[in-house]
Amino acid sequence: MFGLARQLWRNGVVGINKRNADYILVHNPRKYFPLVDDKLLTKEIAEKVGISVPTLYGKIEFPHEVRSFSSIVANRADFVVKPAQGSGGDGILVVVGRMGEYFRLADGSMIDNRDMAFHLNNILAGTFSLGGQPDKVLVEYKVDFDPVFEKITFRGVPDIRIVVFLGVPVMAMVRLPTRLSRGKANLHQGAIGAGIAIPSGRTLTAVLKNSVVSEHPDTNNPVMDVEIPSWNILLDMAARSCDLTHLGYQGIDIVLDRARGPLLLELNARPGLNIQIANREGLRHRLELVAARVAELNTAADRVRFAKENFWPNPVS
């Protein structure tokens, strides 16, 4: 067991305890957590500095406002319902079509108006929120994902996660929905995570649960060496994200829309560590390099340039 621990340390793998103690506790003042834990606040601060986000159609804050849902969605055929303070994709409904009083969801299932109202009330009650606190419902634009992902995703919308330390994008991956994940871009539920080379924006090896894969299980198409569109814009968004939140260690999730380009989906003050598995490389060496050189990096452009010069993929990947 101790031999394995030493091997992981040599490989630069960061565990939960080290992440929490050395990065989140030290670099993320708790007073700023609401800026990322509340997706409505995240939208507002992003839009103020010109970062694009999915359009908000409306919000519901109190149970008596649930009746306004029909007017919010009006005749829209597709939209997303989400808790403002949810995490891990819990409570999100992606509506892709409507048939009378029924809503068709991205996983192919159907719910009616009554079930939708029940779900909205569950969100308000805090069923899906951090700490179970009362929450708000957000109804927003459903992303029409970039065609580059058409052959390597199942129904849902892929997203790109970039871990940012002291304003420097240090590691990235794209999360690809599968049938197993029921169309959600959630690795724990069975989505694919493919590492992304910071300098080039091209995908590396991929993982599905605990297995390394080279093809999408539902489409049989290769998931490696796919070029992520607008990669420099994504890196710039990541480098600017710390100026929005004042958090030193965070994750930024971005989606690529067919017509609107990169859209900020959310920010995360406690980004998970499975991005290391997707890249088959630990975070520690990259984090330590940033900490040693951060005084030289005064602008977002400096931080992006530093990342592209220094974070080449591990040769074993």
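The values are calculated or read from the model by the stated rules, or taken from the named source; none is laboratory data. This structure is a prediction, so every number in the text was calculated from the model and none was measured. Every residue, glycine among them, receives a Cβ derived from its backbone with ideal geometry; neighbour counts consider all protein chains shown. Ligands, DNA and RNA are excluded from the accessible area calculation, which covers all protein heavy atoms including side chains. Shrake-Rupley method; radii C 1.70, N 1.55, O 1.52, S 1.80 Å.
One table, with the values for the structure above:
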item: Some residue of segment 32-48 being touching a helix residue (DSSP H, G or I) at 6+ places or on another chain (Cβ under 8 Å), at pLDDT below 95, exposed (fewer than 15 other Cβ atoms within 10 Å of the Cβ) and assigned to a helix (DSSP H, G or I); result: yes
item: From VAL174, VAL170, residue being surrounded by 22 or more Cβ atoms within 10 Å (Cβ to Cβ), in contact with a helix residue (DSSP H, G or I) (Cβ under 7 Å, 6 or more places away or on another chain) and at pLDDT 95 or above; result: VAL170
item: Residues (open to solvent by less than 10 Å² (accessible area, probe 1.4 Å) and not in a loop (DSSP other than H, G, I, E, B)) located in segment 177-199; result: ILE192, GLY193, ALA194, GLY195, ILE196
item: Residue check, ASP257 within 18 Å of the chain's Cα centre (by Cα), within 18 Å of VAL143 (Cβ to Cβ) and not basic (Lys, Arg); result: yes
item: Boolean, PRO29 is open to solvent by 70 Å² or more (accessible area, probe 1.4 Å) and either in contact with a Cys (Cβ under 9 Å, 6 or more places away or on another chain) or over 19 Å from LEU105 (Cα atoms) (or both); result: no
item: Flag if ILE111 is under 21 Å from LYS43 (Cβ atoms) and either charged (D, E, K, R) or in contact with a strand residue (DSSP E or B) (Cβ under 8 Å, 6 or more places away or on another chain) (or both); result: no
item: Count of residues meeting criterion [farther than 16 Å from LEU204 by Cβ and either assigned to a helix (DSSP H, G or I) or open to solvent by less than 30 Å² (accessible area, probe 1.4 Å) (or both)] in segment 293-317; result: 14
item: Conditions (1) at pLDDT 95 or above; (2) under 30 Å from LYS43 (Cβ atoms); (3) charged (D, E, K, R); number of the one not met by GLU266; result: (1)
